[in-house]
Each structure stands twice: as structure tokens, then as C-alpha cells.
Amino acid sequence: MASSLSPAPVPMELHVLNREKLLKSIRQHLTDTSRPLNGFVFLQGGDEQTRYCTDHIELFRQESYFAYLFGVIEPGFYGAIDIATGKSILFAPRLPAEYTVWLGEVKPLSYFQEKYKVSMACYTDEIAGVLLDQYKGSGKPLLFLLHGLNTDSNNFSKPAEFEGMEKFETELSTLHPILTECRVLKSDLELALIQFANDISSEAHIEVMRKVRVGMKEYQLESMFLHHTYMYGGCRHCSYTCICATGENSAVLHYGHAAAPNDRTFKDGDMALLDMGAEYNFYASDITCSFPVNGKFTSDQSLIYNAVLEAHNAVIKAMKPGVNWVDMHKLAEKVILESLKKGSVLVGNVDDMMVERLGAVFMPHGLGHLLGIDTHDPGGYPKGTERPKEPGLKSLRTSRDLQQGMVITVEPGCYFIDALLVPAMENAHTSKFFNREVIDRFKDFGGVRIESDVIVTANGCENMTNVPRETSEIEAVMGGASWPLNKK
Ligand code: GLY
Ligand code: MN
Ligand code: MN
């Protein structure tokens, strides 16, 4: 199938607005803390990396905070925003003459100024001189540098460094929390890009569903997805490494990495769990579809699939501003446990199961995470909020209340993972809940995850992902029906 979509031109106003948003927030913060409204926000963009000691250059993708503010696709840049005047300045590397021969035209500074809609463009060897020249305050100008913890990776962002830095005062604590908070609520222009990433990725998931045949390799599904999103969406990057798990592999939450490279041949009766999302102009999508590779759900597959689908739908129905994400996680757990009880996988009182945190045995990951320029977008745990400590809840990438303009994934799952099931079945507090005979049937089942990307709106939410979700819809589409079904 070709595509009804085509990549739209990306308006650089998006990044102009992002800078204006930051400027407003940082000026407000400085006013609130009785500090002068001058100095510069100063960031260093990403650099190209080679593969170990070789001259093979890995495909460059801009650092996310820098991408947010400047939209620059080229490596080796710096960017400044003058807090007093609001002027934005990009610093481009001065490229050698031979660049033209090997890598193409050396662009003039005016090209970058125009393309990225900044007030000025200069060279990186001019940073100190230009900033000192622009500064109208007294004493050494203050640079607000980016330094702070990413609460998903536990890595710190790297503050900018440049020659002549000793001529400036530097400050590491202000910028990161403010800029991170700017990224949490998306503008309409940002939402349009996340929507396009969702549209092309949804279409690609459907294409894969239609082409799956028993006996294929998992990587063939990955390849079909990548082809569709690149061929028709111009998406050169994925938001993350594709997870194309079938059979037992679908219980490995982050399958698909170098040591588990989507290389299993799948067989009749297997479930597939495909977690794949394209990135468009830095903005991510993150979508999971689960389905039987032969196109027909068995009753056991329907039981687990519908348990997860009911949780997915219950959360989306409950989402609106003010709702707490930990409560949504617990809602998903409860719906799954109730379904497992209805299907006789579990026995006993579901509230008692919740007290024992049994949900975490079947869904050890968090319900979902903020999504934006990063798949796991930052801002999940701002200062003053704490990560829960209980099993399952501690995997949540945010514990925040929902706010209008957030984009968050809703990705409940139910997995049969021996490493979690066996201890829970032996545990004095939880062993009574398991129906061993039925659990045995699911020994090699793997798992199901259903993941959609959802915008929080003024009164509720809106699902940006558009793929078949009901078992009957999946069976129809896998059997060749068009999507949406009523478009036949
Ligand atoms: N694909 C990674 C995640 O769902 O968080
Ligand atoms: Mn996700
Ligand atoms: Mn995912």
C-alpha cells in the first residue's frame, strides 16, 4: 500500500515560539527571585560521533533541548538567548574549505539566520566576543547553562563549554528545571508534528499487520515498518529501537536490542507485540500493537488481549486535567486483575490483590510517560515530587497530575514472566491468588501491550494513534479490510 500522507513542511515558528515560552518563564522566575533580567541562556548543541576509532560517522541527531529551542539539524552549533532583549543568536562551526568537496556546500551565516529565524548568526570562534558585545549590563555577563538530571536515564545534561568562558559568570541550577517544564506542555505546532509521527506510524503498523505471515522473521516486520515511515513520511529516525517480539519474546519488555535483535522465526499460534514509532522533525511517536501472527485470536489470546484493551480504554476514558497518573496506573492494574479473575487465571478478592501489589507481577512497567522530542520526554519528576517506591509504581516515569497540553502514552500490558510469576506464586501473601492449572496454559504465552499516544485536552483527552484495537477490527484488517473499516 502506498500512503495517503505526505510530510508537511515544518514551520520554524515552532522553535521561535519555544524560545519565547522559555524567555517568558525565565524572566518570570528572575522577577520572582528578585534577580536582574539580564544575562544569556546558553546551550551547546550536539556533536557528531564516529564509530569507535574509525572515520565512520554515526548519523547525527540533535540534542533534544537544543532541538527544542533552535530546531537546528546540523552538528557543532551553540545557541544563546539574550534575556534582556530576547535576541536569539546561533553560532555555527567555521567549516574548512575541503568540506565542499566531501560534504557539500559551506552555507553562509545568513542561511542559518534565515532558516532558523534567529536574530543573528555568527561563528563558534566568535562566541565570547559577540556575547560581550551584546551585553548591556554591568560586570561579567551571566550565562545560564543547562545542567540537570534526566529522571529516566539518571544521566545529566552537559553544560556548554567554549573558549573564553572565563570572561563570564556561569549558573547551572536555573535553566534546566525551567526549560524542562516548558517542554511538558505542547503547543499546537508541536502537536501537529507528534500527530504526523502518529499518523505515519499508525499507517505503518497497519501495513505490517496486513503483511504478516506465519514463518517470517521478526526483523521483517521491523523492516516493513521502517520502509513505510521513511518512504512515505520522510522519517529518517525512529523514536527508539523497534521492538518486534513474538511468542515468548513478547514478555521481554525492551526486546529488540543488539543482543536480542528481532531475529526469531515466528510460528502459527504466536502472539506478536510490535512497539515501533517514527520520529518526525525531532518529535516522537510511540505505538504498540499486539496481535496473533496468524490473524485469528484464540480464546486465551482474546482473554489477555481484552484485559489489556479494557485497561487502555478505561484509562483514556478517565483522563482529564487534574487526574493523577499514579491513580491511572492503579486503575489499569485493577482492570487487568479483574479480567484475569474473570478468566480464572486468578482467584480471590481484587482489592486484596491490589494491596499485595499483584498488578506489578503482570505489568512491571509504568502505565505511560510524557512524549515529545524524546520518547521518554523529561519533566516526569519535577523538584518536590517523589518517585513511588512500591513494585510497579516505582517504574512510573511520572507521578504528576495531568494538565492540558501534555502528551502521554497509555501503554498497559499483561505479561507472563517467570522471573516475576514464580516468586509471586511461592510468596506466602500472594500464592493463594494463582490458579496454577490455568497459569500453566500461559507458560509460553509471552505478553500483550497496547500503547497509544494521548493529548490531555481541556475536558478530557484525545487519542492521536489510529490503529485497529478491537480483536474483530484486527482480524478484519489482517484479513485485508481497509482501515477505518467503514471506508470499505
Ligand atoms: N517504546 C518504549 C516505551 O514504550 O516506553
Ligand atoms: Mn512508551
Ligand atoms: Mn513503546
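The values are calculated or read from the model by the stated rules, or taken from the named source; none is laboratory data. Just so it is clear, the model here is predicted, and its values are computed rather than measured. With ideal geometry, Cβ positions are generated from the backbone for all residues, glycine too; neighbour counts draw on all protein chains shown. Side chains are part of the model used for accessible areas, which takes the heavy atoms of the whole protein and leaves out ligands, DNA and RNA. Shrake-Rupley method; radii C 1.70, N 1.55, O 1.52, S 1.80 Å.
What to note about this one:
- Of all residues in the range 93-122 being in a loop (DSSP other than H, G, I, E, B) and of a type in the set (A, V, I, L, M), the one that is surrounded by the most Cβ atoms within 10 Å (Cβ to Cβ): VAL118
- Of all residues in the range 215-250 being in a helix (DSSP H, G or I) and in contact with a Leu (Cβ under 7 Å, 6 or more places away or on another chain), the one that is nearest to ligand 2 (Cβ to nearest atom): SER250
- All of TYR230, TYR255 fail the test of being surrounded by fewer than 18 Cβ atoms within 10 Å (Cβ to Cβ) and at negative phi, apart from TYR230.
- Strands (runs of 3 or more DSSP E) fully within the range 1-92 that include at least 2 residues being within 22 Å of ASP377 (Cα to Cα), in contact (Cβ under 8 Å) with a residue 40 or more places away in the chain and of a type outside the set (Ser, Thr, Tyr): 40-44.
- For the range 350-365, taking the residues that are open to solvent by less than 10 Å² (accessible area, probe 1.4 Å) and assigned to a loop (DSSP other than H, G, I, E, B), the one that is farthest from ligand 2 (Cβ to nearest atom) is identified as LEU358.
- Given (1) farther than 21 Å from LEU30 by Cβ; (2) open to solvent by 70 Å² or more (accessible area, probe 1.4 Å); (3) part of a loop (DSSP other than H, G, I, E, B); (4) in contact with a Lys or Arg (Cβ under 9 Å, 6 or more places away or on another chain), index of the condition ASP125 fails: (3)
- Some residue of the range 175-197 being touching a Phe, Trp or Tyr at 6+ places or on another chain (Cβ under 7 Å) and part of a loop (DSSP other than H, G, I, E, B): no
- Within the range 382-389, the presence of a residue that is away from ligand 2 (no atom under 15 Å from the Cβ), more than 23 Å from the chain's Cα centre (by Cα) and of a type in the set (S, T, N, Q) is excluded.
- The range 251-276: number of residues that are within 13 Å of ligand 3 (Cβ to nearest atom) and outside any strand (DSSP E or B): 4
- Criterion: open to solvent by 30 Å² or more (accessible area, probe 1.4 Å), touching a residue at least 12 places away in the same chain (Cβ under 8 Å) and either away from ligand 2 (no atom under 16 Å from the Cβ) or over 24 Å from the mean Cα position of the chain (by Cα) (or both) - qualifying residue of ASP270, ASP263: ASP263
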